[in-house]
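Here is the structure we will look at, set down as structure tokens.
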Amino acid sequence: MKHLLCLLALCAPLAAQEITRFIAIDNVCAWPCLTLLPDGSINATIFGQPSHGQIAGAAECWNSKDGQFWEKRGIPAPNDPNTNRMNVAAGLAKNGDLLVLCSGWTNEKQPQRPKQPDFRDDILSSWVCRSSDGGRTWSQIKDFPAPDAGWTNYIPFGAIKVGED
């Protein structure tokens, strides 16, 4: 019994502590791409709809000073009708601008094949989106290099890292 009490005393600090949970951004299928901004705040680039890309919607930029409470900042890649912009990679340029690479899906039947499930008819070309004000306003470069013949358009995902050049 003495050994059991010693063992319990040693394990006491290992007991689970109460966990506080937050819903950062309600009613979205986020898959956030997080970027720490120069001002110390956190940017989350997400698909702002309650579906994993099977409805129309745009990529959104949300920001938090503490990681608990979030505010919508802007839309790096607005979607055209019957499309979504859900595939994102995000990071900072060397000068501190926020960058987002974004592609998505169309729900329009393509001539070379039968109609596919919702928003899986074809992969949209990537856009390069840039913000110099922490994600509030955005410009888009829509002429991303095409893939090699026989390949699909690129699907960006993850962190963009600053290169040496």
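Of all residues in the range 87-100, those being crowded, with 24+ Cβ neighbours inside 10 Å and within 16 Å of R136 (Cα to Cα) number 3.
Here's the yes/no breakdown for (1) buried (at least 19 other Cβ atoms within 10 Å of the Cβ); (2) in contact with a Phe, Trp or Tyr (Cβ under 9 Å, 6 or more places away or on another chain); (3) under 17 Å from S139 (Cα atoms); (4) of a type in the set (D, E, K, R):
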residue	(1), (2), (3), (4)
A44	yes, yes, no, no
F47	yes, yes, no, no
Q54	no, yes, no, no
G57	yes, yes, no, no
Q68	no, yes, no, no
P78	no, yes, yes, no
P81	no, no, no, no
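Among residues of the range 101-126 that are in contact (Cβ under 8 Å) with a residue 12 or more places away in the chain, those with a Cβ under 6 angstrom from a residue that is loosely packed, with under 13 Cβ neighbours inside 10 Å and of a type in the set (V, I, T), sequence gap 6+ or separate chain, pair up as I123/T152. Looking across the range 130-160, the residues that are at positive phi and buried (at least 16 other Cβ atoms within 10 Å of the Cβ) come down to G134, G135. Looking only at residues in the range 118-165 that are out of contact with any strand residue (DSSP E or B) (no Cβ under 9 Å at 6 or more places or on another chain) and of a type in the set (G, A, S), the one that is nearest to L98 (Cα to Cα) is G163. Scanning the range 20-71 for residues that are within 12 Å of the chain's Cα centre (by Cα) and of a type in the set (A, V, I, L, M) returns V28, A30, L34, A44, I46, A58, A59.
So for the range 43-54 (the condition being touching a Ser or Thr at 6+ places or on another chain (Cβ under 6 Å) and at pLDDT 95 or above), does at least one residue qualify? The answer is yes, given that some residue of the range 43-54 is touching a Ser or Thr at 6+ places or on another chain (Cβ under 6 Å) and at pLDDT 95 or above.
The values are calculated or read from the model by the stated rules, or taken from the named source; none is laboratory data. Please read all numbers here as calculations on a predicted model, not as lab measurements. With ideal geometry, Cβ positions are generated from the backbone for all residues, glycine too; neighbour counts draw on all protein chains shown.
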